[in-house]
Structure formats: structure tokens, C-alpha cells
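Worksheet: the structure to be examined is printed underneath.
The values are calculated or read from the model by the stated rules, or taken from the named source; none is laboratory data. On a predicted model such as this, the values are computed, not experimentally measured, just so you know. Methodologically, a virtual Cβ is constructed for each residue, glycine included, from the backbone with ideal geometry; neighbour enumeration extends over all protein chains shown.
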Amino acid sequence: MCPPQTRSSGKRGNSPTAAKSGKHNATSTSLGFSPRVVPRPAYPPFSEFLISIVKEVFWQGGVHGIMCAYIFFPLYAATRSKAVELEISDQVFFALATSATHSVLYILCNFTFQLFDDYNWFQDYKLERKPYQKAKPALVKKMAVEAFIGQAVTGPIAAYFLYPLFLHFGMLSLDAPLPSAVDMFKTFVIGHVFNDVGFYWTHRIAHMKSIYKYVHKQHHEFAGTIGFAAEYANPLEVIISNQIPTVGGVLFFATHPLCVWVWIGLRLQQTYEAHSGYCFEGHILNTLWFLHADSAAHHDHHHTANQGNFGGLYTDWLFGTMDHYQALGGRQGYIDQKVKQK
């Protein structure tokens, strides 16, 4: 499926004048499977679609994955050696390492964003939040309890019982050397594409009217999303839309255990940033493709407007589900709108 239009307005992310003048009208409900705007706005040009794939899949997935694998391998080898010395079984070690990867990224990323809020750091990159979009204490408490259970109880148990499944599909032993850079690149690219497509379709299906209120509505209780709430969701959604797409690529296409954890870490860092309420457009680290400003603006619009943007730029571009976002002017239009309202 192709987007409705792909002409460029001369600036990345901008839509036609008609979109900016307010002449677009939504013809579907905000919770629908295929929200539309009439007349349909221009989508980003094909070149921006390709740049999105190169940046997100090949650079932030493949290249970053290789870099992290080489950086963390000495730590992995030392930890593995200690586990053998302590006679910790491979299955327990896999569960502990998987859980630790999850918890470290959750704490490191989200407490960093919390510090930005508490000390007013990087507020030029903070997306506007209206009073009604700020989570009530009761909701934050509920989210914290569920996060603790997921991090400390259900997560480690799930990883423990997933270990034989990873071995069944050919995961290398814990003592195996790292694969070649080419093989690792393939692993991270496959993991990224599997996640992007799997998350897009399961997430889009979750927005069907007959399903939304029973499953996905919980995640949207945070109208102004925050990093801590990135995984706040119905248990069924956690499994089908979060966990399976995340691990499927590295599960069904076997790899080294360290590559599994590196991929999980990369995926978590992206999703926490995308839910953080911070969009680092213009920051040097984003310019060098180390941050995810595109994902942050794209997904923040999904939460604040709840109209399309079910995945990343290239999946929504392919399947034509970013009408409302493009009617605002795409990434730059949405950022400008949020900045002006602050």
C-alpha cells in the first residue's frame, strides 16, 4: 500500500498549505483502525521514507548493535565467568541477565528524563503538556506497582522459561564467541524490522473499536505520555504487542545471547525516549543519529491526538496511517505547535 501523496513542500515534514490553513477535517473517529483526513494531506517524499529506514534500521539498529556488542562483550565474559564459578545454571543466568538489561535501561533512561523535569534541564526540547494530560498521582502509583511486578516478578520468570525456546530455535551457547560483524548486523536489522512490522500491526489492530476499550485503552490513560509509562499496558497487549515483536526477530533467527540483550536494550532505549515527552530535534546527538527525535514526535502525537501514527515513520508511510500528523505539518509542524503552546 502506498501513501496518498508523496510530493514535497520544500521542507522536511511539512504538509501543503491547505493542511496548515485548517481545511482538513477528520472523517473517522480518533480511535479507529484507519483514521483519515479529507482532503488527504501530502505525505513525506520517498527520499525521507528511505532516510528513515537507513537511520532507524541500518544505523540505529545494525551499526549501534555491533558497537554495543563489542563494547559490552568484556563485561559479559567476566560476568559469565563469575556465574560459572558460582555454579549458576545457564537458564538462571539467562533469566537474570535478561531481567537486568530490562531493569537497568528502565531506571537509567526514565530517571534521567525525570531529572530533566525536576531540575528544568533541556526544557527547550520538552513537548508541551496541557493540565489534563498530566497524570494523576493515583495513576502514577498504579503504573509504578505494575512496573515493579513486571521488573521483579513476571519478567524474570518469563525469561527463565523462554530460555529453552531460544535454544530450540538455535541460539548459541552462553560460552560461544561473538558472531562476525556481518552476522550481528543481520541479527539487529532483522530484529528491528520484525519489531517494527509486528508492533505496527498489533498496535493498529488494538485500535479497532471492538478491541480498544478492552485492551489498549489502559496504555492511553497517559494522554501526555512519560517514559515510565512506556510499558504500562494490559497484560495481553504486553505479550502480543510488546514482548513478541521485540524478541521475535532474535528468537526465530538465532543469534548470540549477548546480541539478544543488546537488541532488547536498543529497543527499550528507543521506546522510552519515544514516550518521554522530550523531542531532541536539533540536538547534536540527534543530528548524528544517536537519538530518536523522529520517534519521539511521531509517537507523542499518537498519544496526545490518538489519531494514527501506529508505528514508526516508515511503517505509517507505507500503510497510509499518518494523515492527522501530516495535516499538522508532520514532525516539524507538530514540534512547532507544541513549542508555541508552552
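General remarks:
- Residue among ILE226, ILE205 that is modelled with pLDDT of 95 or more and more than 13 Å from the chain's Cα centre (by Cα): ILE205
- Test set (1) out of contact with any Leu (no Cβ under 9 Å at 6 or more places or on another chain); (2) at pLDDT 90 or above - SER9 fails condition number: (2)
- Candidate set: the range 159-172, residues that are surrounded by 17 or more Cβ atoms within 10 Å (Cβ to Cβ), part of a helix (DSSP H, G or I) and among the aliphatic types (A, V, I, L, M); chosen: the one nearest to the chain's Cα centre (by Cα): ALA159
- Here ASP336 fulfils each of the conditions (1) more than 19 Å from GLN123 (Cα to Cα); (2) of a type outside the set (S, T, N, Q); (3) free of Cβ contacts under 8 Å to residues at least 12 places away in the same chain apart from (1).
- Selected residue (criterion: modelled with the lowest pLDDT) from residues of the range 234-261 that are farther than 16 Å from PHE199 by Cβ and assigned to a helix (DSSP H, G or I): PRO235
- Here the condition is being closer than 20 Å to GLU231 by Cα, within 22 Å of the chain's Cα centre (by Cα), without any contact (Cβ under 8 Å) to a residue 60 or more places away in the chain and buried (at least 17 other Cβ atoms within 10 Å of the Cβ); of GLY155, GLY150, it holds for GLY155 alone.
- Helices (runs of 4 or more DSSP H) wholly inside the range 41-137 containing at least 2 residues that are in contact (Cβ under 8 Å) with a residue 12 or more places away in the chain, hydroxyl-bearing (Ser, Thr, Tyr) and farther than 25 Å from GLY330 by Cβ: 64-85, 90-118
- Residue in the range 210-221 that is touching a Gly at 6+ places or on another chain (Cβ under 8 Å) and part of a helix (DSSP H, G or I) present: no
- Odd one out for HIS298 among (1) under 20 Å from ALA42 (Cβ atoms); (2) in a helix (DSSP H, G or I); (3) at pLDDT below 95; (4) not basic (Lys, Arg): (3)
- Top-ranked residue in the range 286-308 [being without any contact (Cβ under 8 Å) to a residue 60 or more places away in the chain and in contact with a Phe, Trp or Tyr (Cβ under 8 Å, 6 or more places away or on another chain); ranked as farthest from TYR125 (Cα to Cα)]: HIS302
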